[in-house]
Each structure stands twice: as C-alpha cells, then as structure tokens.
1. I'm checking my understanding of the structure. Among residues of region 264-303 that are charged (D, E, K, R) and surrounded by fewer than 22 Cβ atoms within 10 Å (Cβ to Cβ), which one is farthest from L245 (Cα to Cα)?
2. Is it the case that G316 is over 20 Å from V203 (Cα atoms) and out of contact with any Lys or Arg (no Cβ under 6 Å at 6 or more places or on another chain)?
3. Could you list all residues from region 235-252 that are β-branched (V, I, T) and either crowded, with 21+ Cβ neighbours inside 10 Å or in contact with a Lys or Arg (Cβ under 7 Å, 6 or more places away or on another chain) (or both)?
4. Restricting to region 253-263, give me the number of residues that are open to solvent by 10 Å² or more (accessible area, probe 1.4 Å) and under 20 Å from K325 (Cα atoms).
5. For region 126-150: of the residues being of a type in the set (S, T, N, Q) and modelled with pLDDT of 95 or more, which is most open to solvent (accessible area, probe 1.4 Å)?
6. Would a scan of region 326-341 turn up a residue that is hydrophobic (A, V, I, L, M, F, W, C) and either touching a Cys at 6+ places or on another chain (Cβ under 6 Å) or within 16 Å of Q170 (Cβ to Cβ) (or both)?
7. Can you confirm whether region 93-104 contains a residue that is over 16 Å from the mean Cα position of the chain (by Cα), more than 25 Å from T307 (Cα to Cα) and touching a residue at least 40 places away in the same chain (Cβ under 8 Å)?
8. Mind checking whether some residue in region 53-71 is surrounded by fewer than 22 Cβ atoms within 10 Å (Cβ to Cβ), of a type in the set (S, T, N, Q) and at pLDDT 90 or above?
Amino acid sequence: MNKKMAVVVGTRPELIKMGVMIKEMKKRNSNHLYIHSGQHYDYHMDGMVADIFGLPKPDYNLGVGSGSHAATTAKIMVQLEEIIIREKIDTIVVHGDTNTTLGACLAAAKLSIPVAHVEAGLRSFDKTMPEEINRILVDNMSTYLFAPTEEAVKNLNTEGINSGIFLVGQSIVDAIEHVKHHNKINVLDIYGLNSKKYFFITVHRQENTDKPIRLHSIFSSILDLATHPESKLVLSMHPRTKKILAQQNLFQRLVDNPNIIILDPPPNFYHTIHLQYHAKLVITDSGGLQEESCIIGTPCVTLRENTERPETLECGANTLAGYQKEKILEAVKASILKKADWTHPYGKTGISKRILDIILN
C-alpha cells in the first residue's frame with residue numbers, strides 16, 4: 001500500500017526550505033498533501049515564496065494567523081487532527097522549530113502517525129528561546145530525523161536519540177540552487193546598489209524586538225554604522241519589527257537617514273539571496289540567514305548570544321555579536337576583513353529528493 005504523506009508548513013522560512021520538496025512530492029504523486037497553517041499569511045512574507053518555487057495552492061490552508069504560542073499551536077492541532085483522520089494520512093513531514101512544526105507534530109503523535117522532521121538536531125542550548133523547546137519536543141516525537149550536519153547528529157545522540165536518524169544535509173541548499181536558475185533579474189539595479197558596497201541587515205527575533213534594552217542597543221549600532229558613508233545599510237523590515245520600532249520612536253529615525261535603505265515590505269527570497277550574495281556583510285538575528293550567507297560566501301555577524309548553527313562559527317563564516325553596541329561594532333569591524341575561503345557544511349544539492357526517497361521507500 002502506498003503511503004499518503006502530508007508536508008505541513010506555516011512560515012516563510014519553512015516554505016523556502018521545503019519548496020523544492022513540496023514540488024517534487026506533488027510531481028511524484030498528486031495525492032500527497034501540501035498543508036499550510038497560515039501562521040504567515042501576508043503575501044510579501046509568504047506568497048511570493050510560493051510564486052518563486054511555482055508551488056500549487058495548498059490542499060488545505062488552516063488560516064491560524066498570528067497569536068500567542070499556545071493559541072497558534074492549539075488551533076493547528078485541532079484542525080490538523082481532523083484532516084489526518086479524514087484524509088487517512090499516514091506520514092506527516094514538518095520542518096524546523098516553529099509553532100506550526102510543534103502543532104503538526106503533536107497532532108500526528110497523538111494519532112500514532114509517524115513524523116518526519118526535516119532539520120532535526122539543531123540546538124542553541126538556550127531554553128529561553130521558544131524555538132529551542134519546539135526543536136527538542138519535535139525531535140523526541142519523530143520517527144524520521146533528517147539531520148543537516150554531523151553536529152546535529154551528535155546533539156540527537158547526546159539526548160539519547162539513536163534511531164531513525166539520517167544525515168542528509170540542509171534543504172536550503174536546494175532552494176539556493178533553484179534561485180540560481182530562476183528569473184535573471186538584476187537586483188542591484190532595482191535597489192540602486194553596488195556590489196560589496198553595502199551591508200544587508202535583518203532583525204526580527206522575539207528576544208531582540210520584545211526587549212527594549214536589546215532593541216535600542218541593536219538599532220543604535222545600526223545608526224552608528226550609518227555614519228560611515230562608504231557602505232550603505234540595506235534593512236529588510238519585518239512587519240512586527242516595524243510596529244515595535246514605531247512604538248519605540250525609532251522607525252522614523254531610520255527612514256530619515258540617507259545612508260539607510262529600508263525594504264518595506266521585505267524582499268522575496270530571490271531578492272534576499274542575491275542581496276546577501278552581493279553584500280559586503282550580512283548582519284542578522286535570523287537562523288536561516290546564518291546558513292544562507294555561509295553557503296553563498298558572505299561573512300555574517302549574528303545579533304544573538306548563541307546559535308543553533310555552530311557550524312557557521314566553526315568554518316569561519318559567522319561571528320556571534322550579541323546585542324551590546326560595542327560588541328556589535330567590534331564584530332562588524334573584524335568581519336568585513338574576512339576572506340570567503342571557508343567550505344560550507346550543508347551538503348550538496350538533491351537533499352529534498354533524498355529525503356523523499358527515504359520516507360517513501
């Protein structure tokens with residue numbers, strides 16, 4: 001009997017990393033389901049990703065929207081349980097560490113449905129991060145654990161998880177390869193930029209945006225960097241970050257600065273990859289951009305005190321700067337002198353197909 005699997009995603013990063021897999025899954029058998037939780041529901045945050053990968057409309061969109069961790073997770077569990085039973089799904093595939101991932105995993109586990117976790121084994125070792133709790137719980141409920149690196153495998157083994165682990169690489173490698181062959185658009189011309197003459201910046205994580213001390217320190221650093229006209233600052237503005245900056249009377253200061261280019265709404269994945277490729281430096285608190293910049297070959301400064309991507313530190317692509325201004329400026333100064341001579345640890349293309357082969361065969 002053929003398996004009936006469902007890939008469940010809910011946010012822009014998940015859809016980016018699972019886009020190639022969803023397309024390949026549907027190509028193999030259109031009866032497999034693509035389910036979107038609706039955790040991200042804005043076209044600029046999510047819809048443009050589907051356009052780039054040429055994805056069909058989801059078979060189901062749960063429309064959960066934003067909300068508290070508990071409310072979002074509960075809505076996903078309730079709706080997905082009904083779909084699993086109705087559609088007779090026998091394998092759920094999830095990615096990463098979002099509330100969509102946790103909710104889908106819990107719904108499947110309660111019905112004794114095998115879960116395949118793509119990007120298993122990542123650990124920041126910081127349980128104040130909601131994502132860290134999600135990672136640990138999902139890995140302990142999963143039947144298939146698709147680890148991106150040897151470090152991730154070691155983390156699973158250390159926690160007593162020793163079966164069902166497959167070292168496959170990171171699916172973002174497939175997404176970046178797909179973008180290389182997508183529409184040939186000169187992104188630099190669109191934004192009036194010169195290669196290696198700007199920094200690409202994103203800030204969105206809860207631990208940075210929801211704590212005024214961190215928020216002010218980070219954006220004070222950005223404003224300080226903007227006083228050096230040799231490099232423009234290209235700031236991709238997350239909707240939630242914009243709202244909080246406005247509340248803290250910081251947003252207009254950024255808008256008024258002639259050396260800062262604010263991308264609002266944030267650019268699509270194609271533009272983001274090319275903006276990172278041509279940047280002199282990436283400054284971010286995003287886990288995904290730590291990987292992407294490492295793969296692409298652009299140095300990265302991470303605005304966090306820990307990372308679940310330690311491989312990017314070990315190969316020399318990334319520097320942890322935290323949120324204190326003097327440390328951020330020091331990390332930027334050192335990072336712009338780096339040569340992109342590292343080898344990224346995330347594997348070769350074809351990862352999405354390898355994962356499907358394992359699940360379906």
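The values are calculated or read from the model by the stated rules, or taken from the named source; none is laboratory data. Just so it is clear, the structure is predicted and the values come from calculations on it, not from any experiment. No Cβ is skipped: glycine too gets one built from the backbone with ideal geometry, and neighbour counts run over all protein chains shown. Each accessible area value is taken on the protein alone, full model and side chains, heavy atoms only, with ligands, DNA and RNA left out. Shrake-Rupley method; radii C 1.70, N 1.55, O 1.52, S 1.80 Å.
1. So the residue we want is K280.
2. yes
3. Taking region 235-252 and keeping what is β-branched (V, I, T), we get 241, 244.
Result: T241, single match.
4. 4
5. N140
6. For region 326-341, residues hydrophobic (A, V, I, L, M, F, W, C) and either touching a Cys at 6+ places or on another chain (Cβ under 6 Å) or within 16 Å of Q170 (Cβ to Cβ) (or both): absent.
7. Checked against the condition, which is being over 16 Å from the mean Cα position of the chain (by Cα), more than 25 Å from T307 (Cα to Cα) and touching a residue at least 40 places away in the same chain (Cβ under 8 Å), region 93-104 yields no hits at all.
8. yes
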